[in-house]
Amino acid sequence: MAEADLIPLVQALSGARVLCVGDVMLDDYVYGRVERVSPEAPIPVLRVEREQHTLGGAGNVLRNLHALGVEVCFISVTGNDVAGRDISRLIAGLGGCEAHVLTERERMTTLKTRYIAGTQQMLRADREQAAPITGSLREDFLRMVTQVLAHYRVTVLSDYAKGVLADGVASEIIAAARAAGHIVVVDPKGSDYGAYRGATLIKPNRRELGAATAKPVGTAVEVVAAAQALIAQHGFAAVMVSLSQDGMILVEATGETHSFGAEAREVYDVSGAGDTAVAVAAASLGAGATFAQAARLANVAAGLVVGKVGTAVVHGNELIEALVDRDVLATRKVLPLPLALDHVARWRHNGLRIGFTNGCFDLLHPGHVALLEQARGQCDRLVVGLNNDASVARLKGPGRPVQNEEARAAVLASLASVDLVVLFGEDTPVVLISELKPDLLVKGADYRLDEVVGADVVQAYGGKVVLAELLPGHSTTATIARLAR
């Protein structure tokens, strides 16, 4: 069922101002192949092919808020170590965020490393130290929070029980935020929710709700009763309970309850779905939504993010497309780079081989079609990088392109050999290739290998470059010249 009435809310999210505070961590993904068993012990040997670092914990809430265009301030604590410096670098790379990440010399920054062979996670190794912040660091931390409150409207506490919000810090932040007129949203941890007394909205999952209330939560009726007990005991305005494959239930202090079915079509990875739900709910409330509207949108967003690989984020245009038509995301081929990367990650997670080619494709002719069919024949999914109008004009001169970028992209997307089209504005696709990391790079045989842009990038990580045969007698430039004569 379409929920297009929520589209104005999505469009308003960029006007929200949110302060995000909590336990930040580094998520490290190590990808590779298993082809043999170790001679040292009966264990598989992972041949590492690539590694990816992302922000986790409260950092993933930050990433989701940033992806929605929210004006966000982030405050956390790391150790004085390599993982802590990686976190600072990743936050700086987001751009446009106010961030205050304090450093504690003795603290070990939480690092979660996942080892993945093909599509199967083999092992997760955690390096962490759960300890409260104390002394002058605690004072500096709370002072930083109170100094920025005036500019923001919503405070999110992302508690992963690593110590940043322990020993009364959460309570002090909630009291200060409420005194400043803030809506306070909490993603809780542990069983003592007294630490979050006075929060506006709290978002436990089913297991956490059961642990916090010591009540059964197996059925929807039991979940509602347990949530009502939390509200009565701690003064929350609403409790939003995520139920995994069963969707979400919202219980308000007014007595109203709302149930939302699960939205996901395919589940690739549930890690980080709670972070996405919290971020979307907080941004929605900051944009003036009701609890019910915020929960509906959070449920849609969680359904989208579990269809991605790793701790991922949801963008506003994805939400709009999903609200207009649940099938649009699955069939649309022309995507901006961030969404294209999500598609490629899913394909790669399923063991599919990714191919890439690029060009202006102005006045598509049989030569183009043959090249694309050859490229698609050597991979499982073909991504086409398409020069935008400004790029074509620089490369081809005045009067080009004949067809604008929307028309050229639509024609390419209509071909069965093309799985994804990504526009780029640079003169060459080297940035696009570096981001997508295709297994196969295809160009026409009128190039020499050393002339292929991006060949060195692809070959450096073990990819392959293929020069496809060209059909003679086909050229867009020659066709235009004949038309001019």
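Observations
- Whole-Hz couplings from phi, Karplus 6.51/-1.76/1.60, listed for the range 17-31; x for Gly and Pro: 10, 10, 9, 10, 10, x, 7, 8, 8, 10, 9, 10, 10, 10, 9
- Net +/- balance of residues flanking residue 291 in space, Cβ distance below 15 Å, scoring K and R +1, D and E -1: 0
- By the Kirkwood approach, averaging reciprocal distances over each pair of separate Cα atoms, the range 50-198 gets a hydrodynamic radius of 16.4 Å.
- Within-13-Å neighbourhood charge of residue 125 [Cβ basis; K, R +1; D, E -1]: 0
- Estimated from helical segments only, the mean residue ellipticity of the chain at 222 nm is -11000 deg cm²/dmol, where each DSSP H run of four or more residues counts as -39500 (n - 2.57).
- The chain, accessible surface, carbon-and-sulfur percent (1.4 angstrom probe): 52
- From the coordinates shown, percent of Cα pairs over 34 Å apart corresponds to which of (i) 43; (ii) 69; (iii) 36: (i)
- Cβ-defined net charge surrounding residue 64, 12 Å radius [Lys, Arg +1; Asp, Glu -1]: -1
- Considering only beta bridges that DSSP places wholly inside the range 68-167, some 50 percent are antiparallel.
- Cα-based convex hull volume of the range 157-307 per residue, rounded to whole Å³: 100
- Lys, Arg +1 and Asp, Glu -1 on Cβ, resulting dipole of the range 189-264 about Cα centre, debye, nearest 20: 240
- Using θ = phi - 60° in the Karplus curve 6.51 cos²θ - 1.76 cosθ + 1.60, the 3J(HN,Hα) couplings for the range 173-189 round to 5, 4, 4, 5, 5, 5, 5, 8, x, 7, 7, 10, 10, 10, 9, x, 9 Hz; x is entered for Gly and Pro.
- For the range 402-472 versus the range 172-200, the spacing of their alpha-carbon centroids is 50 Å.
The values are calculated or read from the model by the stated rules, or taken from the named source; none is laboratory data. Bear in mind the structure is a predicted one, so any value in this text is a computation, not a measurement. Because the Cβ atoms are built from the backbone with ideal geometry, glycine has one as well, and the counts that use them run over all protein chains shown. Side chains included, ligands, DNA and RNA excluded: accessible areas come from the protein's heavy atoms. Shrake-Rupley method; radii C 1.70, N 1.55, O 1.52, S 1.80 Å.
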